[in-house]
Amino acid sequence: MKTGEDARGEGSTGPQKLGLCVLCGLPAAGKSTFARALSHRLQQERGWAVCVVAYDDVMPDAFLREASARPLPSQWKLLRQELLKYLEYFLMAVINGCQMSAPPDRTEAMWEDFITCLKDQNLISSAACEAQSCYLLTKTAVSGPLFLILDDNFYYQSMRYEVYQLARKYSLGFCQVFLDCSLETCLQRNGQRPQALPAETIHLMGRKIEKPNPEKNAWEHNSLTIQSPACSPEASLKLTDLLLTALENPVKCVEDNVEQKETDRITCSTNILHQADQTLRRIVSQTMKEAKGTLGTYRLGSRPDSAASPVPWTLGGIRKASQR
């Protein structure tokens with residue numbers, strides 16, 4: 001087994017820089033074309049290794065071949081999580097500079113498509129020990145900066161947050177690129193595809209899509225919106241800056257969760273106020289009970305200064321008794 005230093009080459013210094021880029025947008029917004037162009041540019045201009053994982057190429061066909069039916073939303077969620085597990089196995093191999101093993105619980109067809117995806121991009125060797133479910137990483141995968149571009153709709157914030165958690169777990173760079181394309185353009189492009197999605201599906205996603213919101217979510221601060229289909233030179237420069245910033249500023253593994261801390265602080269403050277309120281209520285209740293007990297002695301007993309002349313238990317009677 002190779003060590004991380006041996007796998008990365010003699011000239012490397014420090015740990016390998018790794019990044020995760022979430023590419024999101026409506027179906028037919030041009031994400032796959034954009035991802036291929038970005039991959040080519042990063043390899044040619046920066047010399048980075050790039051791994052584009054198109055969810056449409058790995059997930060649907062795998063499920064259809066095994067289940068012969070379109071998966072339900074809950075099944076889609078499980079498949080997405082399974083694919084993230086595959087990515088994690090690949091990342092662990094890159095980080096440790098060792099062979100990649102196959103997850104024990106896996107959908108065989110989807111795993112095969114994932115392996116094909118890595119082979120086609122020269123990230124694992126075709127001479128891998130597949131019989132033992134071990135795969136050798138190529139020099140390309142471990143010799144320099146590596147960016148993983150995940151190409152999918154990611155129309156819910158929670159979908160993207162799962163990728164962010166993976167980046168945080170291994171201290172990777174993280175960024176998001178949202179391709180902003182009009183619904184009309186997406187519908188037109190979709191209609192020209194051999195396997196077009198139902199138009200109502202795109203309409204539904206258009207209503208539900210949650211764009212990156214850095215002002216609301218601190219973890220989405222490294223995000224960029226690009227107008228599709230055109231990518232201006234200015235947007236191209238911003239994109240390069242986004243990726244460089246992600247690589248140079250990986251998410252800390254034990255990063256302080258500001259939002260969670262604020263939630264905990266509010267909860268703690270609420271609990272303290274609640275406890276104070278409960279204490280005050282008990283004091284008032286006890287005081288009232290003691291007051292009733294004291295007044296009750298006047299109702300059942302006699303005047304303090306005369307056992308022969310009982311005084312009715314009224315405020316008037318108490319007042320008269322005090323005057324005597």
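Odds and ends about this structure:
- Each Lys and Arg adds +1 at its Cβ and each Asp and Glu adds -1 at its Cβ; summed about the Cα centre, the range 101-176 shows a dipole of about 420 debye.
- Among Ile149, Ile209, the sequence by solvent-accessible area, most first, with a 1.4 Å probe is Ile209, Ile149.
- Per-atom-type breakdown for the range 103-232 gives carbon and sulfur 48% of the accessible area (1.4 Å probe, protein chains only).
- Per residue, the range 85-159 exposes 40 Å² of accessible surface when a 1.4 Å probe is rolled over the protein heavy atoms with every protein chain present.
- Heavy atoms of Asp105: accessible area, 1.4 Å probe, square angstrom to 10: 130 Å²
- Against the criterion of solvent-accessible heavy-atom surface with a 1.4 angstrom probe, Ser228, Ser32 sort, most first, into Ser32, Ser228.
- In this structure Val163 has an accessible area near 0 Å², from a 1.4 Å probe over the protein heavy atoms.
- A 1.4 Å probe, protein heavy atoms only, puts the accessible area of Tyr89 near 50 Å².
- Note on the range 72-118: with charges restricted to the Cβ of Lys and Arg (+1) and Asp and Glu (-1), its dipole about the Cα centre is near 160 debye.
- Span per principal axis, largest first, for the Cα atoms of the range 67-209 (Å): 46, 36, 27
- Assigned charges on the beta-carbon of Lys, Arg, Asp, Glu; the range 105-252 dipole about Cα centre (debye): 240 debye
The values are calculated or read from the model by the stated rules, or taken from the named source; none is laboratory data. These numbers come from a predicted model, not from an experiment. Cβ sites come from the backbone with ideal geometry, for glycine too, and all protein chains shown count toward neighbours. When the accessible area is computed, the model is the full protein with side chains, heavy atoms only, and any ligands, DNA or RNA have been set aside. Shrake-Rupley method; radii C 1.70, N 1.55, O 1.52, S 1.80 Å.
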